[in-house]
Every structure is written in C-alpha cells, then in structure tokens.
Amino acid sequence: MVRTEKESLVKFVESEKERFLFFCGEGFIWESLPLGTRVIYAPPSIEPIANIEDAIENALENPINSDPLSAQFRRGMKVTIVFDDLSLPLPPMQQPDIRQLIIEHILRKCADKGVDDVHLIAAIGLHRKMTADELRHQVGERVFKAFYPLKLYNHDAEDPKGVVFIGKTEMGEEVWLNRRVAESDLVIYVNVNLTPMDGGHKSLVTGVTNYLTLRNHHNAHMLLTSFYMDPPRSPFHGVLLRQGQLIERTIRHFQIETVINAETFPPIFRVLQKPEHFWNKLEATWFKMIRFGCAIAPFEINWRIWHSVKAPYGIIGIYAGEVESVHEKTLQRLAEQQEVQVKGQSDIVVCGAPYLCPYNVNSIMNPILVYCLTTGYLFHLMSIGKPLLREGGVLIFTHPLYERFHQQHHPSYIDFWNMVLTQTRDTREIEKFEMAFAFNENYISLYRNDYAYHGVHPFYMWYWGSLGHAYAGKVIFVKGKSKVAERIGAETAATIREAIEMAKSFLGKSDPSISYFHLPPIFTCRVE
C-alpha cells in the first residue's frame, strides 16, 4: 500500500504563525515556512506483531521457497549465523533487539538437532568493529556469555587467511567471502531493514567480504549514476544481484529479514515524531523545554543524551527462506510503512539533518558524514520514482557543520578532510586517491585492531553524497559553519527564511515551489 498525500499527512502551510521543528545536529530549529510550502510527514506506525515469538517460529518453520529451518540441521554440521552490525537500525533498538530473539530461536533449534559447531559473525564489512558491549546489547547477555569471543566476533575484511576468493560474475566482478561463511554447511543471515537499500543480496555481499568485492559497486561511477534507495532503477543493486547470485551457487544460505515500524523515540522524546499541528499544550511546552535544554547544554552533554537513546521499534514483518523471495516481501512491507506518494517535484526542498547516521553510532558526526547523510541518504530517501527536488533546484539542510572527528573511529576521515578535500572536491579526481587509502598499512592495522573504519571508507561517504550534490543547483546549510561548508562545496545561512531567499535569488523565481521533508521518523517519497 502506498499512501496518498492526504492519507500520509501532507500539509500545506496556511499561516505564517505556524512553526515547525527541524533537527539540527544535536539541537533544533523552530521556525516558520512560507505560505504554500508542502510539508511531508512520515506515515504513522503500523501496529506491531502482537506475539513476536510465535511470528519468529512461524517464519523459520514456514519459510518462503525453502525447507523449514529445523529440517536443514543435522548433527556434525557447521553453521554460521551472520547479523547486521550497529549501523542498523537508527537509533539502536531497545533490548531485546529482534536479532537477539531470532538468534535465540536458531540456537535452540541447533541444540535440538545436536549441532554444536556454531559461530556468530557481525557483518561489519569495512565498518569499524563492534565493541564487546555493543555486541552484548545486540545479541543479549545469554548469547554473549555463551559465545564471545571465540564463537561470536566481528568479520575482518583484512584477515589474509580469513577471506577467500569465490569467483567472478559474468561481468568480471570479483567476489570474496569470509572463510568461515564460505566453508559452512549452512549460513543464516539475520537482518533489520531500515531503508529500501538494506537486505537482500547486499547483506552478504557487503557485510562479510572485502575491498576487492566492494569496489565493484562502491565507486564514483556507480554512485554518481545510481539511485540506491530505489533498487529497480539502480545499477548499484544490479552488481549486488550478480555477486549475490554467485554466492548463492557457492553456499547454502537461509535469509531472515525483519521490518520495523516508525516508533523512533521512547516516550520522553515521542513528541519529536508527532506532527506539530497535533501537539497538545503539554507537548508543545515539553518540546520548548527540550529545545532550550539542547541550546544551553554543552556539546558533550547533548551528545551523551542523544546517543543514549534507544528506539522502541515494533516489528511489523518477519520473512525467512530464499534470499530474493524473502527480500521481495520485505520491500513490500517496508513500503507499506514508509512510502509516501506525492505529486510533483519542488524547486526547493528543506530537510533537517539529525545527530545520527549509520556511521557515527556511539561516535561523532564529522562533516564528511554530514555530507553523506544529507546529499546522500536523505536526498535518496526523497527520490523514489524520481527526485522530490527538481533538477538544478536548491537543497536546504539544517546542521551546524562542526569540524569534529572521532580520533579512534575515523582516522582516515581526518586525513581525507585535510589532505584530499583541500586539493579537490571533484569526485572523479578524488577517486584517484582511493587506492592509497585502501591499501595503507596503518589504516588497515587500525581497522583490524583499534575500532577504526577502514581507510577507504571516507571515499565511499563522498561518493554516496555526490549524486545529490551534482543534481542540485545549490546546497545550503542553515546554522552551518561557513569554513566547513565551503570545503564540501555548500553555502550557509543563519535562518531557514534566509536560505529560502538565497534559493529564490539563485533560481530567479519569486514564488518557487517548496517542500519540507519532515524527519523523524525515516520515510521515503515516491514522486509522481
């Protein structure tokens, strides 16, 4: 089901007295919008599955195009359970995480069938390794104590003995795979789908592989031509499909995918995901207090508060079995929760940029990650079918663009910022620096031993953001630091109204069409 504008709470601004909240990093902007602005809200949460334990059991024992999971176990076999890392979902899920509940079901079935050679691997790809506490939060205390560290661990893309060559696709794309995964009798993947780009073949192809595999789709050409939140028209997903099908011919794979609803914040912050015109007096007062508290608190306090938030998501879909059949069901259910159908593009699109993206969980949102989040992820979320923004239009985001980096997690980002972006912002030129970062021994050592993102990772973030940046005629950050904005090729404004006036002047229009893509929670726009 795709909701229409009316059903999805699309609102047109009728009074200049109306105010709207905009996430701005760890704080907020509270500002009016011009009359006639189209405000697009996320659909309300779908009612979650009432009995989650029964739903898990039903999915595992009545899978799609596959034998029941319990029928696939036999004594003495080697089983590997792979699961999404901390980049999904956002914010992290309150305990128990759905992956914990599913993994516990799988382990009970293994025990019933006498299967004791079981490993659990976090599919980090080239992300930073998860800490012991992060793994414990995700899989639960019992599983953690029973398996960590020898049989519960992070994938290591740079372990020369731990990654094996599988082959090449018909298009010559290399595929490498975690050795334990490749040599298992059965591989079970446990996923959370937050956006249309998650899950499916991408799970294994990006999560338990290496740079030589990823560079076939994580490259400048691919990400400058690919709407990766819209799989049917995405060359990016075409490569994933070919690589994934090659893996399917190599291993026995049972895919489990889950879909969450839109319950992003616990009750204390629930007002943030509710449309402003539905607030009661108490909620309006409470938001003012939250906003004031964020405004006066130092960054470190705000950072600690927001990164402690865990989301009370409800599970609205669990599907298991053959990977492509499962993923088709997953995407259908995700669209029912997230997709908003809107009519027509806009000259200007405004969007708040929050404190969190997939790559700064328990970490810092540095300017390269802001670039990826805004002109990358957020632009693509509003571009199902075709972009919400008219080509050559103006993107306005609210974010302070502070020049902060997490020294441990993002060392190659610091060098990318200081060494690469000071020379060029041209994505094709930037790609020429990629190999030096990808094979840098220091970055590799930090990735393997010190919770750092892989050396090549900032390049991927720049590529992710490049299509949206190239598509827009201008990008403006409200409250952003001008020095930082200049380096990423953007401009700044003190207020949203000032940014809109700048956009009008650039477009040469006195009455441009404007849309506000209102986050949170996460949703997508299907544009007619």
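Coordinate-derived values only; no laboratory data. All figures in this text were calculated on a predicted structure; none of them were measured in a lab. Neighbour counts run over all protein chains shown; Cβ positions are idealised from the backbone, glycine included.
Observations on the structure shown:
- DSSP bridge analysis restricted to segment 52-260 gives an antiparallel fraction near 20%, rounded to the nearest 5.
- Residues in segment 175-182 carry Karplus couplings, in order, of 9, 10, 9, 3, 4, 4, 5, 5 Hz; the curve used is 6.51 cos²θ - 1.76 cosθ + 1.60 with θ = phi - 60°, and Gly or Pro positions show x.
- Shape category assigned to segment 219-295 from the gyration tensor of Cα positions, a/c cut at 1.5: prolate
- A straight line joining the Cα centroids of segment 426-471 and segment 67-111 runs 31 Å.
- Sequentially through segment 461-478, phi angles give Karplus couplings (6.51, -1.76, 1.60; θ = phi - 60°) of 5, 5, 4, 4, x, 6, 5, x, 5, 6, 5, 7, x, 7, 10, 10, 10, 7 Hz, Gly and Pro residues having no value and appearing as x.
- Cα-Cα separations in segment 52-260 greater than 30 Å, expressed as whole percent: 18
- Cα gyration tensor category, rounded, prolate or oblate, for segment 397-463 with a/c compared to 1.5: oblate
- Near G393, the amide H atoms lying under 5 Å from its own belong to G473; only residues 5 or more places off or on other chains count, and H is placed 1.01 Å from N.
- The amide H of A493, built 1.01 Å from its N in the peptide plane, has F477, V478, K479, G480 as neighbours under 5 Å, considering only residues 5 or more places off or on other chains.
- Oblate is the label for segment 67-164. Its Cα gyration tensor axes, ordered a ≥ b ≥ c, give a/c of at least 1.5 and b/c at or above a/b.
- The chymotrypsin sites (Phe, Trp or Tyr not before Pro) of segment 217-286 meeting both criteria, a DSSP state outside H, G, I, E and B (loop) and at most 15 other C-beta atoms within 10 angstrom of the site's C-beta, are W279.
- Cleavage-rule hits, chymotrypsin sites (Phe, Trp or Tyr not before Pro), segment 1-98, DSSP coil, Cβ neighbours within 10 Å at most 11: none
- The chain: proportion of alpha-carbon pairs further apart than 33 angstrom, %: 38
- Other-chain or far-sequence residues with amide H under 5 Å of G317's (modelled H): V259
- Antiparallel DSSP beta bridges within segment 1-127, percent to nearest 5: 50
- For trypsin sites (Lys or Arg not before Pro), the sites in segment 325-367 that DSSP calls loop and that have at most 12 other Cβ atoms within 10 Å are K343.
- Within-14-Å neighbourhood charge of P160 [Cβ basis; K, R +1; D, E -1]: -1
- Flagged links, alpha-carbon separation over 32 Å, of K274/K474; K288/K386; K145/K202; K11/K202; K481/K504: K288/K386; K11/K202
- Bridges between two residues of the chain, per DSSP, are antiparallel at a rate of about 25%.
- Phi to ³J(HN,Hα) by Karplus 6.51 cos²θ - 1.76 cosθ + 1.60 over segment 424-432, Hz, x for Gly, Pro: 7, 10, 5, 4, 5, 6, 4, 4, 5
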